[in-house]
1. Give, as residue ranges, the helices (runs of 4 or more DSSP H) completely inside the stretch A:236-351 that count at least 3 residues that are more than 14 Å from chain B (Cβ to nearest Cβ).
2. Restricting to the stretch B:35-52, and then to whatever is within 16 Å of ligand 2 (Cβ to nearest atom) and over 13 Å from the mean Cα position of the chain (by Cα), can you tell me which residue is surrounded by the most Cβ atoms within 10 Å (Cβ to Cβ)?
3. Among all residue pairs at least 6 apart or on different chains, which show Cβ distances below 9 Å where the first residue, located in the stretch A:15-26, is surrounded by 23 or more Cβ atoms within 10 Å (Cβ to Cβ) and the second is of a type in the set (Phe, Trp, Tyr)?
4. Take the conditions open to solvent by 20 Å² or more (accessible area, probe 1.4 Å) and within 30 Å of A:Asp91 (Cα to Cα) and apply them to A:Arg179. Does it pass?
5. Just the residues that are open to solvent by 40 Å² or more (accessible area, probe 1.4 Å) and of a type outside the set (Asp, Glu), please, taken from the stretch B:144-159.
6. Would a scan of the stretch B:35-51 turn up a residue that is of a type in the set (S, T, N, Q) and within 15 Å of ligand 1 (Cβ to nearest atom)?
7. Looking at the structure I just gave you, is B:Asp81 away from chain A (no Cβ under 14 Å), modelled with pLDDT under 90 and open to solvent by 30 Å² or more (accessible area, probe 1.4 Å)?
8. Output the strands (runs of 3 or more DSSP E) that fall wholly within the stretch A:100-151 and possess 3 or more residues being surrounded by fewer than 20 Cβ atoms within 10 Å (Cβ to Cβ), or say none.
Amino acid sequence: MLAVALKGLAGRKLRSVLTAFAIVLGVAMVSGTFVLTDTIQRGFDTIFTQSLKNADAVVTGHQAFGSSGGQPVLSPSVPASVLAKVRAAPDVEQAAPSISDEAQLIDHDGKAIVNGGAPNIATGIDPSLTRFNPLTLVAGHWPHGADEVVIDTGTARKHHFQVGDTIGVAARGPIQKFRVAGLAKFSGVSFGGATLAIFDIPTAQKLFHKEGRYDRIDVAAKPLTPADKLVRELRSVLPPTVDVRTTSEQVKVDSSDTNTFLNIFRYILLVFGGVALFVGSFVIANTLSITIAQRTREFATLRTIGASRRQVLGAVIVEALVVGTLASLIGLFAGFGLARLLDSLLVSFGIDLPKAGLVYATRTFVVALVVGIGVALLASLRPAFRATRVPPIAAVREGAELPPGRFAWLKPYLSLAAAALGIALLAFALFKSGLGTARVLTLLGVGVLLLFAGVAGFSSRLVRPLARVLGWPAERLGGAPGRLARSNAERNPVRTASTAAALMIGVALVVFLAVLAAGMRTTFRSAVNDVFHADYAITAQNNFSPIYPSVGRAATHVPGVTVASSIRGDLGRAFGSTLQVSAVEPNVGRVMTQRWEAGSPAALSHLDGNGAIVSHSFADKHHLKLGSHFKLLTTSGRELDLVVRAIFRPLHDTPATLLGSVTISTSTFDRTFVQPKNLYTLVDTRGGASDANARRLEQVLKAFPNAKLQTKKQFVDNQLSGINTLLGLLLVLLALSIVVSIVGIVNTLVLTVYERTRELGMLRAVGMTRRQVRRMIRYESVVTALIGATLGIVLGLGLAALVTSRISFLTYAVPTAQIVGFVVAAILVGILAAILPARRASRLNVLEALQYE
Amino acid sequence: MVETEQVQPVTGAEPAVRARDVTRRYGEGETAVDALRGVSLDVQSGKLTAVMGPSGSGKSTLMHILAGLDKPTAGSVEIGDTEITTLGDNELTKLRREHIGFVFQFFNLLPMLTAEENIVLPLTIAGEKPDNAFLSELLARTGLTDRRTHRPAELSGGQQQRVAIARALVSRPTIVFADEPTGNLDSKTSGEILDLMRNSVDTYGQTTVMVTHEARAAAIADRILFLADGLIVRELGANAEAGDVLAVMNELGAN
Ligand SMILES: Nc1ncnc2c1ncn2[C@@H]1O[C@H](COP(=O)(O)OP(=O)(O)O)[C@@H](O)[C@H]1O
Ligand SMILES: [Mg+2]
């Protein structure tokens, strides 16, 4: 029986290959995701572990609270006296201080070398203490003296620097020139988009204003002293303002940020793999249903010669399993290639992460195979059970059709119920407060799946009306073939519906994302326009990294500038959670207004040492009123006792309109936060934005290559570019699911052509040309694609409406032009999907086709 | 020259199939069709029984019901000692494996399997090994020895039907049913197939019931039953000739 099943597969090669293809892509995405994220993970791990090689313990300033949301929390530096105490401890063999900060390298064209959000690491080391140095020198020598720097080999290669060249470095102040003393790298790891600048310690201390201080001390114990004993000993002699950790603890702390980020990143990519597989399961189920309907006679014959229902079930499932297994294997290995492709994709979107070799974990193999085979199995169950319902008598009945399932009449009701339940789950997840993030996401996921499955199940009822409307142009354009195409699409509504459903899912998600992105853009634009009243803004080149205050200060002295007000930002902690803290200067009121709910606008300009302006949502959550006191923990570990002086409520309640949840004065901020940095500097000029004003500002900013001058409009656009980039990336990832649904359309059409061989022969015999046959198939394909697109657009708009109605700061904005674009794309999808089936249909030999049984 | 009740009931041997008052109604109400209206018969073991009658007289329906492919509206059918009209799907499957072979008008071969694979398929399905000597003999007898590795698409209609017959015989079933096995073949090939059917009865003592339109069947059948309007209306014995058959057929056609 097994052999029969396998022979059956071999006899239907094209169909099997097409079915398999639906799984290959999804599995490839899953395995590619794992390979890529594992590779990145190992890259980071290698860097973090190597950085601490040969150290047994690490001493740093006390980190006030843990990093959050991928945003690091800096530890304060420690005074040199700590180093002396460390060295004096009895079990310490050697201790190496170092400085870690950030600085941009400047390329030959005077531009800062910044790759997306990748860090620009600057360190100060003592090259003579080689045992702690994680880097390998590739050329030149270690930096020595005030004008030498060693840079990483990657940057040197990409930007053509050699030993002996002069390179600009932007640390806290204007650019300074250094001589490239050497090139270094981490062995076994590519650095991604990060850049590295290495100085000797005195130079680094001077550059970063850390004279007499260190950021980290690596400690090696005397032989035979266990690391935890060393830590205990150091702990007892060092002040409480420092953290002492074993190397492995320190690696954990260092990598916790990247691990959180990588996990989220992995989940997002896996979700797209999941979507592709979900779409794939529709394609497989549909293909199997069609093939099984076409094989009714065969199953009946098997039954008459003694096959049991269970054997028929087994045969179908075995077929699916074999296809699933082969497809999963191919997908698994295709995923290894896809990992590279994904990586280039991410790099092209500005996400260039460290990588170490390509990591093929056992988990990757297991999950990819289990998921791929599982999907094939699940998708085959329903068709397989239907196959068992073929009665033996069907073997002798001409044109016997697959009997409808026992519960077929229930299907529309079940589908509607599933869709309703899906919507209910979505609404519950969105509107019920107090559910954890994990629960909300699970509910949303299950809700969306149910909704899609439900609509797909019900959509067979919608095929006829939709085909009427969408097929009308085809009829008008295509004459007889057009008319036939339309009625062919209507002829087996269940089949057309399930084929279209696969495309529907991808389109729905695309539309959903597009609407959300459009909503974000609209909201953000109006919210920023509402508060921002300056001619110019200065930010980092990548629009979001904080930059050193020296830039803002420099802008103040530019002729023609009437106001230059910088807004600082960092993380703080209050009421047990981590939040965004901003700091403003007294002149901020001249370039920014807020909508005050309580307190006066004057509060902005008159913030005293312990005064705070809080956002409406923060005040609401913690029951704060004017004059309420609350405590804020800063990154330096200081706890501020703040008094609420004003409460503002941004337009649309957006969470971030230039200010965070808590705003304090710059002077307080600078005293209590580690390495204060600006998020933006708002600049007003005499005469408003003009070429002359811009030129004068640019002139001064030339010394700060990481700073970018923008008009108000450019600023808003640049801030929004992140949303556009993200949307672009997500759309590219969704394209995979769309490809799977195209495969689904090809599949259905190819099978339909088989099925209608005789009919096609007849049409040709009565005078239909090949070209007309092709056109007929093509129109049917386009009508199917358009049905999928229509359903998807409606669903996507509905889902987006649901989400935007929950999130107050998201307006519901329909990007009409984009949606028209999607419709055009759907037509193209239809045309593309029809190429192969249409060619097969037009090449049928008329005589043979007529005799085809 | 039409004779009835010519053939003596076979004494000593139990009938292979016993049907009593079998009726079969298709559809309901106004449009209902009574395909069988009370058929009783005993099929004798080791003999070839032919079933003839005008188109629409209920031959196929009878065949399906006797073979357990369809259920009668009323009446009973026993194969061996088993009442088959009340059997569940699993028991019917078992019955088909052990007791029934079926030859179809349209061959019903599996296109992706070779001739030999098609022939042994009932055994494969039942999880049994073919008896190689018997298989070789069967192939030789059906003239398929050098066609064993061909697929149905590479065989002529007659060859395909011979594969189907070998498939029906391979598990040595209690009874073989054939519904117009020559209906789709030319005259010469039909003759060969009829000979093959007779041959299997002679060689293996294979009990066979065959629906046919061929007057030639008279020469090979041990007994001929005539159906008209869902009833057995005539019967001829082993010594009937083609002329007798034609006479009955004309008479029934004129009815
Ligand atoms: N599945 C069916 N549904 C309805 N009527 C049927 C069906 N099968 C056969 N019949 C009717 O039953 C009668 C007997 O048919 P059948 O047994 O096929 O006759 P025969 O094989 O002698 O030509 C005919 O009137 C036929 O139309
Ligand atoms: Mg018939």
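The values are calculated or read from the model by the stated rules, or taken from the named source; none is laboratory data. All of these numbers come straight from a predicted model, not from anything done at the bench. Note that we place each Cβ from the backbone using ideal geometry, even for glycine, and neighbour counts take in every protein chain shown. With ligands, DNA and RNA removed, areas are computed over all heavy atoms of the protein, side chains included. Shrake-Rupley method; radii C 1.70, N 1.55, O 1.52, S 1.80 Å.
1. A:247-294, A:309-348
2. Selected residue: B:Leu36.
3. Taking only residues 6 or more apart or on different chains, the pairs are A:Ala22/A:Phe282; A:Gly26/A:Phe278.
4. Taking the combined requirement at face value, the residue does not satisfy it.
5. B:Thr145, B:Arg147, B:Arg148, B:Thr149, B:His150, B:Arg151, B:Ala153, B:Ser156
6. no
7. yes
8. Here the list reads A:136-140.
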